[in-house]
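J.: Below: one structure in structure tokens.
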Amino acid sequence: MATVRRATHAGSWYTNNASKLEEEIDGWLRAAGLTKSADVRGVIAPHAGYSYSGRSAAFAFGNIDPTNISRVFLLGPSHHYYTPKCALTRATTYSTPIGDLPVDQEVIEELKATGKFETMDMRVDEAEHSMEMHLPYLAKVFKGYEVKVVPILVGALSSESEAMYGRLLAKYIDDPKNFFSVSSDFCHWGSRFSYTYYDKKHGQIHKSIEALDRMGMEIIETGDPDSFKRYLQEYENTICGRHPISVFLHMLKNSSTKIKIGFLYYEQSSQCKTFRDSSVSYASAAAKLDN
């Protein structure tokens, strides 16, 4: 029986007008001016409303050469629903205004059979925006190609669980037909996020935020999940996709394919100058074969 996950954030977080949405995404992809590469096997991209992070996201999705990819694993954090596990979708299709993406039922069943995943309620699935914000870009980039998605909601995992899921999913990296879309924004700064870390040696607050984010980005680029964990413990940077990123780092560590992450773009929603201000940071990266 077909079960469609509706594009619940279309019309608010991004336009639900199909031609306008394609036009916007096209414009951002053109502006990013990236060359598509078959060596790019995954991305880290933001998930805010497109007026905030659409431009940044193009620096991730613009790298994708869709020719030989038949499956995209989506790893997104859970914003509204608490689980100490990863959760799989009940949906058979994920809908977007510019085309629907079928869910790979075979892989979902394979993952279910491990006994390590829970299945999320449709309400939880439709309330979550972290994976949905990647879907229109994927629908656009894979237009005219047969591709299926494997959405995985990543809960509030312990370090042990991050490592366990990383080991479990690592084998999928070794199949070049698989692609990985990891969803995360970076620092959420300001009293409304209960996070106001400031190192004044960097000058203005927004410069301190950037230095903090770039430190995290450089650690992610090393591919070492333990260093990333230590960084998060020390600075408590409010990177909302820290669990999906950590799982992905463990996957790379445990796969026999050598892949290196490189960040290509960084920006902030606004430049904080006083403690009354707030901002969210967006960063985009490509995970590329390290030949």
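The values are calculated or read from the model by the stated rules, or taken from the named source; none is laboratory data. What you are looking at is a predicted structure, and each value in this text was computed from that prediction instead of being measured. Please note: Cβ atoms are built from the backbone with ideal geometry, for glycine as well, and neighbour counts cover all protein chains shown. Just so you know, the surface numbers come from the protein's heavy atoms only, side chains and all, with ligands and any DNA or RNA stripped out. Shrake-Rupley method; radii C 1.70, N 1.55, O 1.52, S 1.80 Å.
J.: What's the local net charge at Glu110, with K and R +1, D and E -1, over the other residues with C-beta under 14 Å away?
T.: +1
J.: Quick one: accessible area per residue over the chain, 1.4 Å probe, rounded to a whole number of Å²?
T.: Per residue, the chain has 43 Å² of solvent-accessible surface.
J.: Further question: If the limit is 21 Å between Cα atoms, which of Lys116/Lys260; Lys229/Lys260; Lys85/Lys258; Lys148/Lys177; Lys36/Lys177; Lys85/Lys229 go over it?
T.: The pairs that break the limit, which is 21 Å between Cα atoms, are Lys116/Lys260; Lys85/Lys258.
J.: Rg and Dmax of region 110-244, Cα atoms, in Å?
T.: My reading of the Cα-based Rg and Dmax gives 17.4, 52 Å.
J.: Right, something else. For Leu169, what charge total do you get from the other residues with a beta carbon under 12 Å from its beta carbon, if Lys and Arg give +1 and Asp and Glu give -1?
T.: Residues close to Leu169 contribute a combined charge of 0.
J.: For Ile261, list long-range residues whose amide hydrogen, built 1.01 Å from N in the peptide plane, is under 5 Å from its own amide hydrogen.
T.: Counting only residues 5 or more places away or on other chains, the set is Lys288.
J.: Shifting gears a bit: Convex hull over the alpha-carbon atoms of region 169-220: what's its volume per residue in Å³?
T.: 110
J.: Rounded to the nearest 5, what % of the DSSP beta bridges within region 72-166 are antiparallel ones?
T.: So the antiparallel bridges in region 72-166 amount to around 35 percent.
J.: Something else: Leaving out ligands, DNA and RNA, what percent of the accessible area of the chain is carbon and sulfur, probe 1.4 Å?
T.: That share works out to 47 percent.
J.: Using 0.36 nm per residue, how much length does the chain from Asp277 to Glu221 gain when fully extended, once their Cα-Cα distance is taken away?
T.: 17.2 nm
J.: Provide the percentage of antiparallel DSSP beta bridges, counting only those with both residues in the chain; round to the nearest 5.
T.: Antiparallel bridges make up about 45 percent of those DSSP assigns within the chain.
J.: What list of ³J(HN,Hα) values in whole Hz, one per residue of region 28-34 in order, does the Karplus curve 6.51 cos²θ - 1.76 cosθ + 1.60 (θ = phi - 60°) give from phi, with Gly and Pro shown as x?
T.: 5, 5, 5, 5, 5, x, 8
J.: So, one more: Counting residues in region 1-100 as N, plug N into 2.2 N^0.38 Å and put the Cα Rg over that result.
T.: It is 1.18.
J.: Which whole-Hz couplings ³J(HN,Hα) result when phi for each residue of region 197-202 is put into the Karplus expression 6.51 cos²θ - 1.76 cosθ + 1.60, θ = phi - 60°, listed in order with x for Gly and Pro?
T.: Once θ is set to phi - 60°, the couplings for region 197-202 become 4, 8, 10, 5, 5, 8 Hz.
J.: Taking the radius of gyration and the Kirkwood hydrodynamic radius from Cα positions alone, what is the Rg/Rh ratio for the chain, to two decimal places?
T.: Result for the chain is an Rg/Rh of 0.94.
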